[in-house]
1. Using a Gaussian network model of the chain with C-alpha springs under 10 Å, which one of Asp66, Asp153, Asp298 is most mobile by mean-square fluctuation?
2. With a 10 Å cut-off between alpha carbons and a GNM built on the chain, which of Asp62, Asp194, Asp119 moves the most?
3. Taking a cut-off of 23 Å between Cα atoms, list the lysines near Lys32, but don't count ones fewer than 8 places away on the same chain.
4. Below 17 Å, Cα to Cα, which lysines can Lys82 reach? Residues fewer than 8 away in the same chain don't count.
5. Cα centroids of region 232-253 and region 265-317: how far apart, whole angstrom?
6. Take the chain, connect every pair of alpha-carbon atoms lying under 10 Å apart with a spring to form a Gaussian network, then pick out the residue of Gly244, Gly13, Gly94 with the largest mean-square fluctuation.
7. Sort 126-139, 69-82, 195-208 by the packing proxy (mean of other Cβ within 10 Å over each peptide's residues), most packed first.
8. Quick check: from the Cα gyration tensor, does region 51-133 come out rounded (a/c under 1.5), prolate or oblate?
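The values are calculated or read from the model by the stated rules, or taken from the named source; none is laboratory data. Only a predicted model underlies this, so the values are computations on that prediction, with no experimental measurement involved. Heads up, the Cβs are rebuilt from the backbone with ideal geometry, glycines too, and the neighbour counts pull from every protein chain shown. Protein only, heavy atoms only, side chains kept; ligands, DNA and RNA dropped before computing areas. Shrake-Rupley method; radii C 1.70, N 1.55, O 1.52, S 1.80 Å.
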Amino acid sequence: MSSLSGVKVALFGSSGLLGDAVSRALAKRHHKSMRYSKQSTFGGAQALCLSNQEGLTRELLDTWPDAIINCAAISSPDTVIKDSSFSRKINIEGAVKLAEIASHLSARFIHVSTDMVFDGTSSPYRSTDIPNPLNEYGSQKLEAEKKVLAVTDENLAILRITLLNGNSPYGKRSPHEKILRSIQNGNPLTLFDDEMRQPCSSENVASAVVELLERPNLNGLFHWAGAEEISRYELGIRILDRFGFSRNRIIKGAIKDYHDSDSRPQHLGFELAPLVGKLTTNPSSVQEQIEELLLPEDLFRWHRQNADKPNVYIHKF
Ligand SMILES: NC(=O)c1ccc[n+]([C@@H]2O[C@H](COP(=O)([O-])OP(=O)(O)OC[C@H]3O[C@@H](n4cnc5c(N)ncnc54)[C@H](OP(=O)(O)O)[C@@H]3O)[C@@H](O)[C@H]2O)c1
């Protein structure tokens, strides 16, 4: 990469919860991004399916980016189970193809992975700990990490992240958006109070991703998360409080009562060293993450009419 600013970046998954935040973080740092999604045109994204390996090669040889960032994935464990063979094409084969093309172009490659590569029995995890995924999504993401690392060990960073809070382009992908829509639909979510996570925000991770992009000396596999742990249920309660809904709008559950409890890691937390000492981005607290959450615009009217205390929430435009 010739310089640390004004880098030309091919950003995959730009219409997703994380990809959209990365897109904005790149613009803030004066990098130029070419954005790709599966089908969404959000933010000027071009539709290019990661299963189209010829299309990927043609596009990237034509545009010859300085860096490739992969935020694209089939990121819902339930969707991965429903079509595991197509998911493999995206989560594994697509990621490996991007790594190969990046290596060919001598472009920096940043790939995003997940805490779900661990089984949740010995948190907090370091990036050197042995993974043991409990579900197909975690297995696919782990296989992708291994295969991407086998392509090249230079000019490459893989960032494992945890449960993401934030505001997604269509207001449907993040935890608070799912909770609000479940209330709207009259199907309250059950959240587990023994399922511990260390959530981070899409904005904060995006800042870490852009720093990794700009620091070609940071290569290999890294962990990033928020500053604190919280149960999924407690996170749900904090979200209800933010938007002025009473606490009985979600149901408190326990993993052991879940029909497929063997596939859910109970406790996923990360040891943030060594990356935390090398970046200027600081892990965000749960409170900071909650304060960033916005009501999706299409829910404004419904919220005013249905929230238990609608005036608790003040929208920041
Ligand atoms: N969300 C979390 O809590 C979380 C936690 C840990 C790790 N991660 C990881 O973080 C990364 C980003 O996740 P996210 O939550 O931002 O995902 P997301 O909101 O579901 O967005 C996924 C993105 O990938 C694109 N995409 C999906 N299928 C594709 C395909 N076949 N070809 C090309 N692009 C495709 C989507 O495009 P369309 O919009 O057009 O469908 C979208 O831009 C993923 O690697 C995920 O595994 C996420």
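1. Its mean-square fluctuation being the largest, the pick is Asp298.
2. Highest fluctuation among the options: Asp62.
3. In chain and number order, the partners are Lys8, Lys97.
4. Lys141
5. Centre-to-centre (Cα) distance: 13 Å.
6. Answer for the Gaussian network model of the chain: Gly244.
7. On the way: 126-139: 17.0, 69-82: 20.2, 195-208: 24.6.
Taking the mean over residues of other Cβ atoms within 10 Å, the ranking is 195-208, 69-82, 126-139.
8. Numbers: a/c = 3.28, a/b = 1.57, b/c = 2.09.
Verdict is oblate for region 51-133.
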